[in-house]
Amino acid sequence: MRRIREAVLPFAGNNDGLPKTVREYREKYKGVSQILDAHPEVLEKVHEDLKRLSCGGRKGRNADFSSETILRALVVHAIEGGSLRETVVRIAESDFLQDFLRTRKKAVMDHSFLDRCFQAVRPATWKQVNAALAHAAVAAGQIDPSTIRADTTAVETNIHWPTDASLLWDVWRVAARLLRGGRSIAADTCPHRFHDRKTKRLYLFITRYAKSANARRQRKVRTAFRQLIVRVEWIVEAACWFCDWTPLWRKIELDAIVAELRRFLPAMKRVTEQARRAQIVGEKVPAAERVFSIFEPHTELLKRGRARKPVEFGHMVLLCQSPEKFITDYTTYRHRQADCQLTETVIKRHEELFGETPEVLAADMGFCPDAEKYEELQEQVGTLAIPRRLRDLADAVLSMWRSFRAGIEGTISGLKRAFRLARCHYRGFKRFAAAVGLGVFSHNLVVLARQAMT
C-alpha cells in the first residue's frame, strides 16, 4: 500500500551565511512546498494514479515512498532540468532537496523507479492537476483569468534528422540486433546471415554523395539506393517470419524479443514503402504519409516559417496565459491544427475551466479566423485582440494588446530552457504529453512561489 504523504517536519536548516543565489534557490523551493501543502487536492489526484504501482504484499507491507515524495521528486526533475539520473544524484547529494522531498534519513529512490512513477501519471491527470491549481489561484486572488493571451509552440521529439537512407539503416540495425538476439537463444529461429558492413557501406555511400552534382555519381547513388532498399525489405520479411514462428518455441526470452519486434514492424514497413516510392518510383511522398523515426513513429513534420529553423519534428502545443504569467490551459496536439482554428477552442476551454468567457483574448495574426467567425467570436469575448489586417497593427488599442501578447514569448522560451520542453526525451506520444503537463505544472508552481516571495 502506498501512503499519500509523509509526516515529516521540513526544512530544518537555516540560510545564515549563504550567498544570495543560494538563498533565492532555497526560497523558491520553500514557496513551492508551501503551495503543495496548501492544495492537498493536487496530491490526491496524482495519488490516484501512483497507488496503482503498489498494491501491498500479503503481509500488508507499505511502499517505501509516499505519493507526496514521488510528486515532489518529479517537480524537482522538471525544475532542475536534468535527466532522471541527474535528478536522483542531485537529490542524494543535497540535504535541502531531501528535506523538500521529506525523505531525510531515507534511501534515495532509483532513477528507474522514478521513471515508472512518471509513466504511471496519465497526461489527463496533469491537466486536472493544473486546472485544480488554477482554480485555487483564482479563488485566492493570485491570478486574473479574465485577460489571457494565447500562442502555439513546437516541442521536438528526440530523433535524428530523418532521411530515407538513415531510416533504412535504422531499420536494418534494429532488426538485425533483435534477430541475432533471438538466434542466440534458439539457433533455428533465425538461420540467416547478416552482412552489416556491406549494408552500412551502401548507407554511407548514399549519405556522402547524395548531393553530388556529378551525373555519373548520381547514377551510382540511385543504384546503391535500390540495393539498400532490397536488403532492408529482405530483413523486414525475415523479421515477420521470426514473429510468426518463434512463439511456437514457448520461451519467455523469445517472446520478449517478438514483442519488441512487433512494436517496430509497422514503422519499419512504412519506411521501406516510402523509400521505394520516393527513390525508385520517383513519387513525391506527402509528409502525412511518411514516418520520420521508427523509434518515435508519432512524430509530425512542422513548418512554421522560421528563418533559422524552417522544419521541425515534434508536436504543436497550445498555451494560454494570464497576465501573472500563470499558464491557465494547455493542449498537446498529436496532429497539428491551423492556429486560426484554435481561437474558438481557446474560448470554449476557458469557459469550461472558469465558468465564463475571457474579457480579453490576445493572440497573433495567425489566430485570426475568417470574417464571419471573427464577428461571432467577438460577440462572445469583450475584446478579441487579434489583428485582421496590417492597418490594425497601427491601432493604439490593438498595439497595446499586441505588446501584452508578446509576453507569452518569454514564457515559451523559459519553458524550453528551464523546464526541458525544447526537446522531449521520453518515448511515445503519451509520455510526450505527460512531459509537457509536468513542465507546465512545475512552471506554474514556480510562478506562484515567486509571486509569494515578492
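The values are calculated or read from the model by the stated rules, or taken from the named source; none is laboratory data. Remember, predicted model here, so these are calculated numbers, not experimental data. Glycine also receives a Cβ, built like all others from the backbone with ideal geometry; neighbour counts cover every protein chain displayed. To get the accessible areas, we keep the full protein, side chains included, count just its heavy atoms, and leave off ligands, DNA and RNA. Shrake-Rupley method; radii C 1.70, N 1.55, O 1.52, S 1.80 Å.
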Express the carbon and sulfur contribution to the solvent-accessible surface of region 157-242 as a percent, rounded to the nearest whole number, probe 1.4 angstrom.
51 percent
Once the mean 1/r over all distinct Cα pairs of region 130-229 is inverted, what Kirkwood radius in angstroms do you read off?
18.6 Å
Would you mind estimating how fast region 261-301 diffuses translationally, via Stokes-Einstein at 25 °C and 0.890 mPa s with the Kirkwood radius over Cα pairs, in µm²/s?
233 µm²/s
Just order 310-322, 156-168 by mean Cβ neighbour count inside 10 Å, highest at the front, would you?
310-322, 156-168
Rg over Rh, two decimals, region 100-146 (C-alpha only, Kirkwood Rh):
1.18
Only one of the values (1) 44, 34, 19; (2) 38, 24, 23; (3) 50, 28, 16 was calculated from this structure for semi-axes √(5λ) of the Cα gyration tensor in Å; name its label.
(1)
How much space per residue, in cubic angstrom, does the convex hull of the C-alpha atoms of region 28-113 take up?
103 Å³
Extension gain PHE295-ASN62, at 0.36 nm per residue separation less the Cα-Cα distance, in nm?
80.2 nm
Among the aspartates and glutamates, which have Cα under 16 Å from the Cα of LYS284 when same-chain residues fewer than 8 positions away are ignored?
ASP164, GLU273
Can you grab the distance from the C-alpha centre of region 385-454 to the C-alpha centre of region 126-164, Å, no decimals?
7 Å
Restricting to the chain, compute how many DSSP beta bridges are antiparallel as a %, nearest 5.
70 percent
Tell me, what is the per residue accessible area of region 89-145 in Å², probe radius 1.4 Å?
44 Å²
Alpha carbon centre of region 58-104 versus region 180-246: separation in Å?
45 Å
Working out 0.36 nm times the residue gap between PHE404 and ALA187, then minus their Cα-Cα distance, what length gain in nm do you get to one decimal?
71.5 nm
Per residue, in Å², the accessible surface of region 279-383 once ligands and nucleic acids are set aside, probe 1.4 Å
50 Å²
